[in-house]
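The values are calculated or read from the model by the stated rules, or taken from the named source; none is laboratory data. Quick caveat: nothing in here was measured; it's all calculated off a predicted structure. Cβ placement follows ideal geometry from the backbone for every residue including glycine, while neighbour counts extend to all protein chains displayed. Note: areas computed on protein heavy atoms with side chains; ligands, DNA, RNA excluded. Shrake-Rupley method; radii C 1.70, N 1.55, O 1.52, S 1.80 Å.
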Amino acid sequence: MALLEVRDLKTSFFTPMGEIKAVDGVSFDLDKGRVLGIVGESGSGKSVSAYSILQILTPPGKVVGGSVKFNGDELVGASEKKIRDIRGNRISIIFQDPMTSLTPVFTIGNQLMEAILLHTDRNKKEARARAVEMLGLVGINDPERRMGQYSFELSGGMRQRVMIAMALACEPDILIADEPTTALDVTIQAQIIELMTELQHKLGMAIIMITHDLGVIASICDEVIVMYAGKVCERGTADQIFYNPKHEYTKGLLRSIPNIESDDKERLIPISGMPLDMLHMPAGCAFAPRCDRAMKICLTSQPQEYFVAQDHISACWVNIQEGIQSGLIKLDENGGVKV
Amino acid sequence: MSYKFGLYILKRFGMAFLTIFIVIFMTFFIMHAIPASPFSSEKARTDATIAALEAKYGFDKPLPVQFVNYLRGVFVFDFGLSTAWVGYTVFDLIKGGLSYSMRIGFSAAFIAIVFGVLLGALAAINRDRWVDKIIQLITTALVSLPSFVVATLFLLIFGLWLRWLPTISTNPGGLVMPVAALALYPMAYITRLERSSMLDVLGQDFIRTAHAKGLSKFKVLFKHALKCAVSPVITYAGPMMAYILTGSMVVENIFSVPGLGRLFVNSMLRTDYMMIMGVTIFLTLMIVVMNFLSDVLYKIMDPRIDLE
């Protein structure tokens, strides 16, 4: 049994214009101490998937189906109390924008101790000591003094360190990092990623790293999920995704990364077209309108997830066609695909 | 910090003095520019009587001299003698009226702030649901209704038709209606302020962080959100307190409360220069003090605020 089992998770936003299926049938497993990367462009449903796990969606967002099992316990539809006991305790999350993610009117110390007092039996003095210890652990100098400071007195990198300290204070089993470096300077980004790797080795928690920065994924993730329009389009080990991408969208993403070793006359190849209008989803593969190799079937029917190699799955008709041609997949009598 | 704060206090004091001086200056010369005199009445008085009266109150001297004399008095809290209430000093009259006004004012301010904040928070939490809609409907009505309409309606409904409450404030239970009439407008206003500010705060990232920590909804709302959302209420509540504590002219007249507001109206009707000046200065002082207190409280609630 995996530590976290997400099955066919569906989350929708019910807007006045209609239902937006932000997450539409996402499944994955996360084992103890592993690092799972979720990549995708803005609006692909990465963050919403994470919020759905902890059920911290803001209205009109709502989990409408599927299952999230933590240590075998179902979280979807569980009581508020049960989920609260897990939040910040067994599963923690850090957010994209550290500038606005801390309450401005309470001290750092107050906010750190809050989580510790809530989830552990420590008294105030012990909680304070633990908070100071955590600040030291995330590399904040003079932690005693920082305890009495407010978030507006700290830099962005410092605030993200405080967020990490807060998230890890109760030694969670899973840390969800929702684009933890997007809002930071490049040099600070590297420091934060280094810090997270170091803490992961030290504390052994599992991490779900949500990002659109493929470099971050490559440096720390064991497994990777690529998301597009609320669905998983490809999944595999970091090596498989980087060196042997199968899905046309993943290939496009990788082509659009600048390469420091290439000669400077080489141009980046962007993915053509526009991100999807989530209110008007195409009937077929969501990526088909932007895909160079789209076939007739791509526009009318959604591709299934299909193994292209051991532990490597892609949901792409082009891959399925290749599979049929090489004899790996057979069509059943109705013309459906048998995997 | 403490040095800076000292400097700030000093600056505020200077500003307060200047404000009060300007108010005194303007009221004094405007009062003396109106054609009516404190001694004009239906009763025919001989010129000799009026001259004697003016000499007694010092009104016979040239205006600049009177002004300087008045200022000299203000420094030692001597606001002169009332011309309408013979034999009383302005200071005593204000003190007497204030004891009634404050009794009503404190209750009204307390009700307005506490219920305003709670109702506003409640409306924000239940945004667009029926609780919110009802609160919005009632507060919109209360904010648009002038206090004399509300007070008269109260008098009519609870005093005359239902006979639940006495119509005169000095009878037992008589303070209920004036307090309610005084509290309703600021309460409704605070409710609306708090609602919009709370809605703004609830959409902030740190609220999500607080939820993600595992805090209960109650704690997220009443610890993290409320402390941030209360700032506009503090800004409004400062001057509001000043006005409410010094008595409402309308409410005190309707419910016959012998407070400062009623005193003010009567002194105007009787062109009692000294009383009008005294009450105006007192009101100015209250507003200056309350504004200062609300600024300090603002800083305490939101450490990002720099008082400089």
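Against the main long axis of the alpha-carbon atoms of chain B, helix B:63-75 sits at an angle near 50°. Counting only other chain Cβ atoms within 10 Å of each residue's Cβ, the peptide B:222-232 averages 2. Normalised per residue, the accessible area of chain B is 52 Å², obtained with a 1.4 Å probe and no contribution from ligands, DNA or RNA.
For region B:93-272, what does the relative contact order come out to in percent, with C-alpha contacts under 8 Å and a separation of six or more? In percent, rounded to a whole number, it is 37.
Identify, among B:L118, B:L215, B:L160, the residue whose Cα sits farthest towards the positive end of the charge dipole of region B:93-272, taking +1 on the Cβ of Lys and Arg and -1 on the Cβ of Asp and Glu, with the dipole about the Cα centre. Checking the options against the dipole of region B:93-272, the answer is B:L215. What does the accessible area per residue of region A:126-234 come to in Å², with a 1.4 Å probe and no ligands, DNA or RNA counted? Per-residue accessible area for region A:126-234 comes out at 34 Å². Placing a label point 7 Å from the Cα of B:D302 along the Cα-to-Cβ direction, the residues of region A:139-183 whose backbone N falls under 20 Å of that point are A:149-154.
The share of alpha-carbon pairs in chain B lying farther apart than 38 Å comes to 29%. Rg ratio for region A:146-249: its Cα radius of gyration over 2.2 N^0.38 Å, N being its residue count, equals 1.20. Taking all Cα pairs closer than 8 Å and separated by 6 or more residues, the relative contact order of region A:57-185 comes to 37 percent.
The listed residues A:V105, B:V86, A:V63 rank as B:V86, A:V63, A:V105 when sorted by accessible area, largest first, using a 1.4 Å probe. The calculated FRET efficiency for A:F307 paired with B:S144, based on their beta-carbon distance and R0 = 60 Å, is about 0.30.
The C-alpha atoms of chain B define a longest principal axis, and helix B:90-125 lies at about 20 degrees to it.
Rg/Rh for chain A stands at 1.00; both radii use Cα atoms, and Rh follows the Kirkwood definition. Counts of other chain beta carbons within 10 angstrom of each beta carbon in peptide B:194-207 average 2.
Computed from the Cβ-Cβ distance with R0 of 41 Å, the FRET efficiency linking B:K95 to B:K217 stands at 0.25. Counting Cβ atoms of other protein chains within 10 Å of each residue's Cβ and taking the mean over peptide B:146-159 gives 0. For the pair B and A, the buried accessible area comes to roughly 2200 Å² in total, with a 1.4 Å probe and the value rounded to the nearest 100. Under a 5 Å amide H cut-off, with hydrogens placed 1.01 Å from N, A:I176 pairs with A:S92, A:I93, A:I94, A:I208 among residues at least 5 apart or on other chains. Each residue of region B:80-89 is assigned a 3J(HN,Hα), and the resulting list reads x, 9, 6, 8, 7, 9, 5, x, 9, 7 Hz, derived from the Karplus form 6.51 cos²θ - 1.76 cosθ + 1.60 (θ = phi - 60°), x at Gly and Pro. Can you spot the lysines whose alpha carbon is less than 21 Å from B:K11's alpha carbon? Ignore those fewer than 8 places along the same chain. Straight-line reach from B:K11, under 21 Å: B:K299. Pairs of C-alpha atoms in region A:68-191 farther apart than 23 Å represent 31 percent of all such pairs. How big is the gap, in Å, between the Cα center of region B:238-308 and the Cα center of region A:62-104? Distance between centres, Cα-based: 50 Å. Judged by the mean number of other Cβ atoms found within 10 Å, the most tightly packed of the peptides B:293-304, B:23-34 leads the ranking B:293-304, B:23-34.
Each peptide among A:274-284, B:150-160 gets the average number of other Cβ atoms lying within 10 Å of its residues, and from highest to lowest they stand as B:150-160, A:274-284. Cross-link pairs exceeding 24 Å in C-alpha to C-alpha distance, out of A:K202/B:K213; A:K125/B:K219; A:K125/B:K213; A:K62/B:K227; A:K82/B:K133; A:K32/B:K213, comprise A:K62/B:K227; A:K82/B:K133.
Of all DSSP beta bridges confined to the protein assembly as shown, the antiparallel ones make up roughly 65%. Other residues within the sphere of radius under 14 Å centred on the Cβ of A:Y150, judged by their own Cβ, net out at +3 (K and R +1, D and E -1). Work out the length of the dipole vector of the protein assembly as shown about its Cα centre, built from +1 on the beta-carbon of each Lys and Arg and -1 on the beta-carbon of each Asp and Glu, and round it to the nearest 20 debye. Once rounded to the nearest 20, the dipole reads 2080 debye. Taking the average, over residues, of other Cβ atoms within 10 Å as the packing measure, peptides B:126-136, B:108-118 rank B:108-118, B:126-136 from highest down. Per atom type, region B:93-272 shows carbon and sulfur on 70% of its accessible surface, probed at 1.4 Å.
Note on A:S155 and A:I257: the model spin-label points, each 7 Å out from Cα along the C-beta direction, lie 2.7 nm apart.
Across region B:93-272, the convex hull enclosing all Cα atoms gives 131 Å³ per residue. Please give the Cα centre distance for region A:266-289 versus region A:169-188, rounded to the nearest Å. Cα centroid of region A:266-289 versus Cα centroid of region A:169-188: 29 Å apart.
The helix-only estimate of mean residue ellipticity at 222 nm for the protein assembly as shown, built from DSSP H runs of length n ≥ 4 each weighted as -39500 (n - 2.57), is -16000 deg cm²/dmol after division by the residue total.
For chain B, the longest principal axis of the alpha carbon atoms and the long axis of helix B:47-57 meet at an angle near 50°. Karplus-based coupling profile of region A:28-33, in residue order and whole Hz: 6, 10, 10, 8, 3, x, with θ = phi - 60° in 6.51 cos²θ - 1.76 cosθ + 1.60 and x standing for Gly or Pro.
Each Cα pair under 8 Å and six or more residues apart adds its separation to the average, and for chain A the resulting relative contact order is 18 percent. In the frame of its principal axes, the protein assembly as shown has Cα extents of 126, 58, 55 Å, reported largest first. Considering only chain A, what is the antiparallel percent among its DSSP beta bridges, to the nearest 5? If we restrict to bridges inside chain A, about 65 percent are antiparallel. The charge dipole of region B:99-216, taken about its Cα centre with unit charges on the Cβ atoms of Lys, Arg (+1), Asp and Glu (-1) only, comes to about 140 debye. The value given for region B:81-132 is a Kirkwood hydrodynamic radius of 14.1 Å, derived from the mean inverse Cα-Cα separation.
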